[in-house]
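Below is one structure; the comments refer to it alone.
The values are calculated or read from the model by the stated rules, or taken from the named source; none is laboratory data. Source: prediction; values computed, not measured. Backbone-built Cβ (ideal geometry, glycine too); neighbour counts: all protein chains shown.
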Amino acid sequence: MPFQIITGDITRLEVDAIVNAANTSLLGGGGVDGAIHRAAGPKLLEECRTLHGCEVGQAKATGGYNLPARYVIHTVGPIWRGGGSGEEELLTSAYRNSLMLAAEKECESVAFPMISAGVYGYPFDKALRVATDTIRAFLQDHEMQVYLVIFSRSSFRFDDDIYSDLSRYVRANLEEDEPRSSFLGNIAKSIAFGGTSGKRDSIFSSGRGAMKKEARASEAMREEPLEESADEDILCDEEKPRKETPEFAGAAMAQASMLAAPMQNMSLAQALENLDESFSQALLRMIDERGMKDSECYKKANIDRKLFSKIRGDVHYRPSKQTVLAFAVALELSLEETESFLKKAGYALSHASKSDVIVEYFINNGNYDLYTINEALYAFDQSLLGA
Ligand code: ADP
């Protein structure tokens, strides 16, 4: 997905460029700056000396040296002085200039720390808003994979009002029953995921100085027609077995009823000729009905352009649930429409799934801002929408 919030140490990321929240001297400091210099080695400081500093809001690039990243883009965020000293404009410039520099260097992937949200004291939720708004605006006319790296999940804060209302909604609606690891669950799992194992890729290098692996590889995995759900777990070194949840059972039942109904009075050949409109056909139809441009829709859905072309070109494309929900949000479908859209891909919304309840909350509230939804999903430790 073009924009992703992930957790971890930015110095270990196998991306084209990582951004450093530096100070104006560019001669190293504490926090993420210190971590980047330690991981890159002394040659980074040598090159930084030749740059003669950097103004607040500006950005300058160096090599990555011992880092898995090819470049380090050094930018200087503003010190928080209460919000009345142009902090927002300066933080916006720091993100925008870093992104422009990454584009100039033909980077396909770039990772940001939460600039100014550490020692410089910028309130986390406000810094997050600036980061996501600026990255989103940039991605409107650039193709790039942008990561926002949260060092410690416990520091993550987003809009207080939404958070407390959403927490109440989740408490009231989430069915906390133990997932059934039943026969039906197993069938559902194999229908929903084509029997493949939940293999995930990682953009974190397994060790300092490890061989650089193209971050593109992780994207390629997610572009397979039979998609995996892409969440931050892909970043963990250890593979985790996919949890079986009743939502898979729901998907299986939806799929089973879709297949069973037309078969009652028809031969198999007739039934196959009478298949419902597919996910891909329904998606393209709804984009046209809304007078949307394809790019408008897939960008709003946080879906990679290449993946969208694949969906467009394959009438039988089988998306992940996150992809279907991302498009449902981009198309601003009602809850009922979302349900029938999901059904086309063999899925269903379930109150036993926290992420489904969260998405349902936003749809019920008519809030179709995918970036906000993803921030909420991240806050509740759930897979993000998009692909
Ligand atoms: P600033 O001076 O711009 O506030 P800091 O380095 O103090 O910069 O903090 C910026 C953000 O970077 C903080 O949210 C901090 O938690 C985070 N951070 C610190 N070390 C790392 C790291 N190794 N990887 C990713 N983020 C980090």
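If the condition is being of a type in the set (Asp, Glu) and within 15 Å of the ligand (Cβ to nearest atom), then segment 42-69 contributes only 55. Among the conditions (1) of a type outside the set (Ser, Thr, Tyr); (2) over 25 Å from residue 2 (Cβ atoms); (3) more than 12 Å from the ligand (Cβ to nearest atom); (4) not in a helix (DSSP H, G or I), residue 106 misses just one, which is (2). Among the residues making up segment 112-167, those that are within 10 Å of the ligand (Cβ to nearest atom), assigned to a loop (DSSP other than H, G, I, E, B) and surrounded by fewer than 18 Cβ atoms within 10 Å (Cβ to Cβ) are 119, 121, 152. Answer yes if at least one residue in segment 28-41 is touching a Lys or Arg at 6+ places or on another chain (Cβ under 7 Å) and either of a type in the set (D, E, K, R) or within 16 Å of the ligand (Cβ to nearest atom) (or both), and no otherwise. Yes, that holds for at least one residue.
Scanning segment 6-19 for residues being closer than 18 Å to residue 135 by Cβ, within 13 Å of the ligand (Cβ to nearest atom) and either modelled with pLDDT under 95 or crowded, with 24+ Cβ neighbours inside 10 Å (or both) gives a total of 5. With respect to residue 22, determine if the residue is modelled with pLDDT of 95 or more, more than 9 Å from the ligand (Cβ to nearest atom) and of a type in the set (Gly, Ala, Ser). Here the answer is no, as residue 22 does not meet what is asked.
Residue-level analysis places residue 347 among those that are in contact (Cβ under 8 Å) with a residue 60 or more places away in the chain and under 23 Å from residue 290 (Cβ atoms).
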